[in-house]
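The values are calculated or read from the model by the stated rules, or taken from the named source; none is laboratory data. Here the structure is a predicted model, which is why all the values come from computation and not from measurement. All Cβ positions, glycine included, derive from the backbone under ideal geometry; neighbour counts span all protein chains shown.
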Amino acid sequence: MTYTVLKGDRIRISLERFEMIKLFGSKEKILNGSGDTRTIIKMLLKKAVTDLGFKADTSGVTVEIVGNISGGCDLYFIKENNRFSVKSKALKPVVFEFKSCQDAILAARKFILSEKTGILTHFFKTENGFRLIAPKGLTKKQINLFESFAQKVYFLDLAVALTEEYGKELILNSAVLTLSKF
């Protein structure tokens, strides 16, 4: 585990794969945003602040989690006032995980009926079911529509990377439009 103080009250904590697994149990658990995950992330931030002697208030801190080359992850702790735009959080890709292909088809049909348009999406088969990767900039209404059919929803770049790396590509670029036709 390495700590790095970045410009403007930012801290990066880099975890090797074995450290990430030891702390969180699995790659999937770091994405679920559960209370245990949040507790571990807060503990890591407090430890980094203490160990570095870094004088930063830990309230109002956003966490960004990105996979790294070692197979682990980097956690970026960023003070809200240092972010370029508050809207940038809404401009992340979203990964919807479905128990069955039928759930994904129903969500796609409902989306096409309500939105009257397709979006650039990718559909994968994973060991936990099926995942739909939606583009940056989905509206809350669009997210809620898919969320009503999804088993889990991930708002992290790491979820996209894991899906693309370990999932089997079924439909690329026009998944919602294609699924809605079944």
(message) Suppose we filter 64, 28 for residues that are part of a helix (DSSP H, G or I), at pLDDT below 80 and either of a type in the set (D, E, K, R) or over 25 Å from residue 130 (Cα atoms) (or both); which single one remains?
(response) 28
(message) Considering only residues that are at pLDDT 50 or above and under 17 Å from residue 157 (Cα atoms), which ones fall in region 75-104?
(response) 75, 76, 77, 78, 91, 92, 93, 94, 95, 96, 97
(message) Would you confirm, using the coordinates I've provided, whether residue 132 is in contact with a Lys or Arg (Cβ under 8 Å, 6 or more places away or on another chain) and either in a helix (DSSP H, G or I) or not hydroxyl-bearing (Ser, Thr, Tyr) (or both)?
(response) no
(request) Could you check residue 160 against (1) outside any helix (DSSP H, G or I); (2) out of contact with any helix residue (DSSP H, G or I) (no Cβ under 9 Å at 6 or more places or on another chain) and say which number it fails? (result) (1)
(message) Can you say whether residue 53 is out of contact with any helix residue (DSSP H, G or I) (no Cβ under 8 Å at 6 or more places or on another chain) and at pLDDT below 80, as far as the supplied structure shows?
(response) yes
(request) Please specify each residue of region 97-130 satisfying the condition of being over 21 Å from the mean Cα position of the chain (by Cα) and of a type in the set (Gly, Ala, Ser). (result) 114, 118
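Quick grid of which residues meet (1) over 28 Å from residue 65 (Cα atoms); (2) surrounded by fewer than 21 Cβ atoms within 10 Å (Cβ to Cβ):
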| residue | (1), (2) |
| --- | --- |
| 94 | no, no |
| 99 | no, yes |
| 102 | yes, yes |
| 107 | no, no |
| 114 | yes, yes |
| 124 | no, no |
| 130 | no, no |
| 135 | no, yes |
